[in-house]
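Structure first, then comments.
The values are calculated or read from the model by the stated rules, or taken from the named source; none is laboratory data. Every value quoted in this text rests on a predicted model; they were computed, and no experiment measured them. Neighbour counts run over all protein chains shown; Cβ positions are idealised from the backbone, glycine included. Just the protein is used for accessible areas: all its heavy atoms, side chains included, with ligands, DNA and RNA removed. Shrake-Rupley method; radii C 1.70, N 1.55, O 1.52, S 1.80 Å.
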Amino acid sequence: MHNDSNYLHRILAFSEKQNVRTSRPVHGSNGIKLLDPGVHLSAALYDKLVLHKLAVPIDECLALENPVSADLLEADLNRLVLTQHDFRFFCQSQDVLSSVQLHFKTFPLSPLAAFKLTIMRQQLPEAYQHSLEVAYCVLVLVMNLKGLNDQQQQYALAAGLFHDIGLLHVDPDVLQHDGPLGERQRQQIYAHPLTGHLIVGRLQEWPAPVGRAVLEHHERLDASGYRR
């Protein structure tokens, strides 16, 4: 999962538009150094990276310029979500809306989480906007429940924001496919909640229930969802 071809393609496509450099040496699992620190990522490095099992996941060895920040999340919420009438109407209280915006503005982002969201924002903009919309709706809902503190509300926001992060590892042709999917294509779609769950498991700042919400976000009460 850490350096699969689909994810690596997205990172390299991003690196063609913005500077992506190694922040530490990249080693194979056999101890051989593949890249020095400070190397600019380019498509020419694809074979070297994809053909080796890495000692450390590739996204923990890279640094981006201007990664997604909490301030940017709030700005994108205002620009992409709250400009839509239906979403703004969903939050009828100005006090609740202000609290929602504050939650986004103060959302804790580790370097790994910021990296993932930055790649998603640029390479999968529709999925990124959808994730903002889901995070917003979930947060408004839980803020109307009694007994949940600010930290628990942040957990709900995190679950909404990361619920589709597993799509970074799905073949772009599958996501862009027009028409019925074949069995192998469907399996990639069915796998993205599990992939997202594994990703959130690497984000040490979030407890297990956030990852479970990501894992189960396509399950249905009548058991007709997936992956189970």
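Points to keep in mind about this one:
- Pick from segment 175-188, criterion without any contact (Cβ under 8 Å) to a residue 24 or more places away in the chain and not in a loop (DSSP other than H, G, I, E, B), ranking: farthest from M120 (Cα to Cα): E183
- Segment 192-228 - residue that is among the small types (G, A, S) and assigned to a helix (DSSP H, G or I) and, of those, farthest from the chain's Cα centre (by Cα): A208
- Of all residues in segment 1-27, those that are in contact with a helix residue (DSSP H, G or I) (Cβ under 6 Å, 6 or more places away or on another chain), polar (S, T, N, Q) and in a helix (DSSP H, G or I) total 2.
- Filtering segment 28-46 for residues that are in a strand (DSSP E or B), touching a helix residue (DSSP H, G or I) at 6+ places or on another chain (Cβ under 9 Å) and among the hydrophobic types (A, V, I, L, M, F, W, C) leaves a non-empty set.
- Checking each residue in segment 84-95 for being open to solvent by 100 Å² or more (accessible area, probe 1.4 Å) and closer than 17 Å to L132 by Cβ picks out H85, D86, R88, F89.
- Any chance P172 is open to solvent by 30 Å² or more (accessible area, probe 1.4 Å), over 19 Å from P67 (Cα atoms) and in contact (Cβ under 8 Å) with a residue 24 or more places away in the chain: yes
- In segment 141-168, the residues that are charged (D, E, K, R) form Cβ pairs under 6 Å with partners that are open to solvent by 10 Å² or more (accessible area, probe 1.4 Å), at six or more places apart or across chains, as follows: D164/A127.
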